Amino acid sequence: MYARIYTRVSTEEQATSGFSLGAQKERLEAFCVSQGWEIAGRYIDEGVSAKDLNRPEFQRMMDEVDKGDVILVYKLDRLTRSVRDLDDLLREFDTRGVLFRSVTEQFDTTTATGRLFIRMVAEMAQWERETIAERSAFGKQKKAASGEWGGGTVPLGYMGVPSERTKAGRSLLKLVPDPERAHFIPLIFEKYLSGLGIRGVALWLNNELGARTPQGCKFHAITVRRILTNPIYCGDVESGRRRRGRPKVRVQGTHEPLISREMFERVQEMFEIHKTYAPRQATGRFPLSGVARCGICGGRVDGNLRSENKENRLYKCHNYALGTGCAPAGQRSLASVSARLAEENLIREIERLHQDPSSLERLLADFAAEAATRTGLTQAERKRMEQDLAEAEGALDRWKRLFEKGHIEDEEYLAEVKPHRQRIKQLKERLAEYDAQAVEVPSLSDLGAFAINFRESWEALEMPEQKALLQQFVRAFRVQILLFPDRRVELRPAL
C-alpha cells in the first residue's frame with residue numbers, strides 16, 4: 001500500500017492549537033510504519049485555509065495520486081471544512097479507486113452509516129470555520145468603530161499614533177490628521193469634481209504643487225483613484241472583503257474626517273457615470289501596445305479606443321496616462337497618436353531595411369556600438385587582443401624549445417617566460433570576460449529577408465496576429481521599436 005501524506009495548518013491554528021505541521025507529520029509517518037505502508041509523497045500546505053480546495057500542495061497531490069493509493073490525514077478538517085467539497089472528494093475518490101484514511105477518526109465510507117457520520121463531522125468543521133469568520137469580522141468592525149487602526153498602510157493625510165489601549169504589551173494605533181499632508185485631500189476631491197480627471201489630478205499634484213507621497217514618490221493615477229474611493233476620508237471605515245458582488249462592511253469611525261460625506265458621495269456618483277463610457281479595448285486591437293516604447297521617456301506604449309470604430313484607435317505613453325509625466329515641462333509628450341498612422345510609419349521603417357542598404361547598415365552599426373558599450377571592446381579591439389595572445393603564446397613556445405635543447409639555463413628561461421605567461425593570462429581573462437557579455441548581432445541577410453515581404457505579411461494578418469509578428473521581430477532581432485509624438489517610428493538595438 002502506498003500512502004500520500006497530506007498536512008495543513010492555518011496561521012491561527014499554528015499559534016493556538018496542537019495541529020503543528022511537525023506534529024502531524026510525525027503521527028502520520030508513525031501510522032504508516034504501523035500499517036506497513038510506503039510513503040509515496042508528502043504534501044504540506046502551510047498557512048492555507050480549508051475553506052476551498054484551491055491549495056497548491058493539495059492540487060499537486062490530486063494530480064499525482066494513483067489508483068489504490070491511500071490519502072492519509074491527521075484529521076478530516078485538515079483535508080476540508082466544506083460539506084460540498086467533501087461530497088465532491090468522496091465521489092472522486094470512489095471513481096478513481098483512491099482510499100482515504102484519517103488517523104484520529106474511524107470512517108467507513110462503504111456503508112450508509114459511515115457516509116452519514118463523515119458528513120456530520122464535515123458539517124461541524126464547516127460550522128466552526130464560519131463561526132470563526134463571523135467573530136473575526138465582528139471584531140474588526142468593533143475595532144474600526146472604536147477608532148483604532150486595523151493595520152496596514154496608513155492612508156495619505158493621516159498618521160497612526162498610539163492610543164490608550166494596548167494589546168500584547170503594545171499600544172494600539174489610532175488615526176489623526178497629518179499636519180503636512182492632510183490639506184491635500186480636500187484639494188484632490190475638489191479638483192476631480194471640477195472635471196480634471198484622475199490623471200489630470202496626478203499631474204497637477206506632481207507638477208504644480210510638487211507634492212509627493214510619504215514614500216517620496218510621484219502620484220500615479222492609480223494612487224489618486226484609491227484616495228477618491230476610500231471612505232475613510234469622510235469618517236467611515238471599511239472592514240472585511242468584497243465577496244461575489246457584496247460590498248465591504250462600512251462603519252462610522254471615531255477619527256476626524258478630512259472631507260464631508262456629501263463630497264465623497266458626489267465623487268462616487270461621478271465614478272459610476274464614467275463607467276458608462278466606452279472602455280479601453282483588448283490589446284489585440286493595438287499591435288504596438290506593450291511592444292513599442294515611448295521615444296521620449298522609454299515607458300511602454302498603451303492603446304486607447306475612443307469608440308467602437310477601429311479608425312479611432314490611439315497610442316499613448318503609459319507614464320503619461322498614469323500622471324507621472326512623460327516629457328519635461330515645455331516639451332511634447334506621447335499623449336495621443338493615431339494608431340493607423342503610427343503603424344504605417346512602422347511598416348515603412350521596416351521596409352527601409354530592405355529598400356535602403358544604408359539604413360540597414362546604420363542599424364547594424366548601432367548594434368555593434370551598443371555591444372561595444374556593454375563589453376567595453378569593439379570587434380576590432382578584440383581581434384587585436386587575439387593577435388597579441390597568439391604572439392605571446394608563440395614567444396613562449398620559442399623560449400620553451402630553446403630551454404629543451406639546452407641553449408639557455410634555468411634562471412634565464414624562467415626570467416624570459418614570466419612576462420609572457422602573465423600577458424597570456426591577462427589576455428585570456430579579458431577575452432573570457434568579453435565572451436561572457438557579448439551578444440550576437442543580427443546578420444544583414446536575416447534582417448533583409450524579414451523586411452522584404454513585411455508589408456505583404458502584415459496586411460494578410462488580423463491585428464492580434466500582427467502583434468505576434470512584431471513580438472517575434474523584437475525577440476529574434478533584439479530590436480526596440482520607439483514611437484514619438486509626431487508619429488515617427490525608430491528602430492534601435494535592444495541588447
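Read the figures in this text as sums done on the coordinates, not as results from a lab. Just so it is clear, the model here is predicted, and its values are computed rather than measured. Neighbour counts are summed over all protein chains in view; Cβ atoms, including those assigned to glycine, are modelled from backbone coordinates with ideal geometry.
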Amide H contacts of SER163 (H built 1.01 Å from N, under 5 Å, at least 5 apart or other chain): LEU172, LEU173, LYS174
Ranked list, fewest to most other Cβ atoms within 10 Å of each Cβ, for HIS220, HIS407: HIS407, HIS220
Cα-only Debye scattering, the stretch 175-274: base-10 log of I(q)/I(0) at q = 0.12, 0.14, 0.22 Å⁻¹: -0.41, -0.56, -1.27
Placed amide H near VAL291: partners under 5 Å, 5+ positions off or other chain: VAL301
Among 356-363, 69-76, 252-259, the order from most to least packed when residues are scored by Cβ within 10 Å on average: 69-76, 252-259, 356-363
Backbone HN-Hα couplings from phi across the stretch 63-72 [Karplus 6.51/-1.76/1.60, Hz, Gly and Pro as x]: 6, 9, 5, 10, 4, x, 6, 10, 8, 10
31 Å Cα-Cα threshold exceeded, pairs from LYS400/LYS428; LYS75/LYS174; LYS51/LYS218; LYS405/LYS425; LYS218/LYS316; LYS191/LYS316: LYS75/LYS174; LYS51/LYS218
Mean Cβ neighbour count within 10 Å, used as a protection proxy, ranking 458-464, 338-344, 59-65 highest first: 338-344, 59-65, 458-464
Fewest-first sequence of MET270, MET159 by Cβ atoms within 10 Å of each Cβ: MET270, MET159
Exposure proxy ranking, count of Cβ atoms within 10 Å, fewest first, for ILE222, ILE5: ILE222, ILE5
Amide H contacts of THR254 (H built 1.01 Å from N, under 5 Å, at least 5 apart or other chain): GLY147
